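So the structure is just underneath, and the comments pick up after that.
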Amino acid sequence: MNKIKTRIAITGPMGRMGQILIKEIQKNKNTCLTLALLKKHHPLINKDIGESLGIGKIGIIATDKLNHKKNKDFDVLIDFTNPSTTLHYLKYCSELKKNIVIGTTGFSEEEIHTIKIHSKEIGIIISSNFSIGINLLFQLVEKSTEIIGKNSDINIMESHHRNKIDAPSGTALSIGKVISKVMNWDLQKHSIYYTPGITGIRKTKKIGFSVVRSGDIVGKHTVMFSSSGEEIKITHTASNRICFAKGAIQSAIWLHKKKMGLFDMTDVLSST
Ligand SMILES: NC(=O)C1=CN([C@@H]2O[C@H](COP(=O)(O)OP(=O)(O)OC[C@H]3O[C@@H](n4cnc5c(N)ncnc54)[C@H](OP(=O)(O)O)[C@@H]3O)[C@@H](O)[C@H]2O)C=CC1
Ligand SMILES: O=C(O)C1=N[C@H](C(=O)O)C[C@H](O)C1
């Protein structure tokens, strides 16, 4: 019997992630694109999004209209845009009782609280990184911290493309949360962001964050545990954005049938 396809709406379809997502949705036999939502007055409104992407017509006309009646034809919305845009579409999904996969990073604590409130009404998956590799790195870092965290200086180094507008990366913060949970620390109080000047001797019980923005780096994260006489480094390097798109689409299929709740990629991977 043919499995019902998950009908997906994409915001920011011409974005770095939006473009990859649409191409991967089209390749996946369990999904189909039914809505491409552009920002207001975008020049590609009313044009076939496939043609705009250079993959030929796919019969989906890009729109900026959140027309509750007309745009109900999707099961899950996938959003990789920016925090204020995400919250705008989150409200729309709540009103329509549609689930949402959130890939956007850079949220404030207040914005995260708003997302949690909406998860009482609809199903939400939020993840700073939808790659399987980073979700494996989270587990490796948790185990490493349990074993050597107490005797190490711990640093997280991340590098991304020059167009990334938030720092540190959402992934780096998620790694920091994994470490802080094991060490029973408050991440904000136990973080160091290096600034010029006489910094004094590195404090213990702190996670050091370093950021590089350069060229077209897709995403590299290294966690370094330095202790007397030895150093452990765990690194994940994304060479293209397909790894994120595949994880987000897998999450959308998983979320399709959920009624409500707040989930992350760990929930998807542990029950797929
Ligand atoms: N969780 C994960 O696995 C990953 C998360 N990310 C995160 O995803 C986010 C986006 O990254 P990236 O794709 O590189 O960014 P881009 O800037 O390339 O894409 C964002 C897109 O959103 C569009 N947009 C802005 N406002 C609106 C709106 N109101 N309605 C519809 N579309 C809108 C932009 O359109 P316009 O260009 O016209 O402004 C742009 O095309 C970032 O927060 C990034 O950190 C990225 C990769 C992986
Ligand atoms: O902006 C990006 O590109 C990415 N952002 C995410 C983050 O902030 O962690 C995930 C990935 O590293 C790519």
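Highest mean first, how do 89-98, 152-161 rank when packing is the count of other Cβ atoms within 10 Å averaged over residues?
In descending order of packing, they fall as 152-161, 89-98.
If we sort 23-30, 119-126 on the protection proxy, mean other Cβ atoms within 10 Å, highest first, what's the order?
119-126, 23-30
Calculate the spin-label point distance for residue 45 paired with residue 27, positioning each point 7 Å from the Cα along the beta-carbon direction, and give it in nanometres.
Taking the two extended label points, one gets 3.2 nm.
Of the cross-linked pairs 181/257; 98/181; 5/97; 3/91, which ones have a Cα-Cα span greater than 21 Å in the structure shown?
181/257; 98/181; 3/91
Which whole-number percent is the relative contact order of the chain (Cα, under 8 Å, 6+ apart)?
Reported as a whole number, the value is 21 percent.
Once fully extended, how much extra length lies between residue 136 and residue 259, figured as 0.36 nm per residue of separation less the alpha-carbon to alpha-carbon distance?
41.6 nm
From the square roots a ≥ b ≥ c of the eigenvalues of the alpha-carbon gyration tensor of region 132-238, which class results: rounded (a/c under 1.5), prolate (a/b over b/c), or oblate?
oblate
Accessible area per residue, 1.4 Å probe, Å², for the chain: what's the number?
Solvent-accessible surface per residue comes out at 53 Å².
In whole percent, how big is the carbon plus sulfur part of the accessible area of the chain, probe 1.4 Å, protein atoms only?
Looking at the chain in its full context, I get 54 percent from C and S.
What does the extension gain come out to for residue 120 and residue 148, with contour length at 0.36 nm per residue minus their alpha carbon separation?
Here the segment from residue 120 to residue 148 would lengthen by 6.3 nm.
Taking 8 Å as the Cα distance limit and 6 or more residues as the minimum spacing, I'd like the relative contact order of region 132-238 as a percentage.
41 percent
The values are calculated or read from the model by the stated rules, or taken from the named source; none is laboratory data. What you see is a predicted model, and the numbers here were worked out from it, not measured in a lab. Glycine gets a Cβ as well: all are built from the backbone with ideal geometry, and neighbour counts include every protein chain shown. Each accessible area value is taken on the protein alone, full model and side chains, heavy atoms only, with ligands, DNA and RNA left out. Shrake-Rupley method; radii C 1.70, N 1.55, O 1.52, S 1.80 Å.
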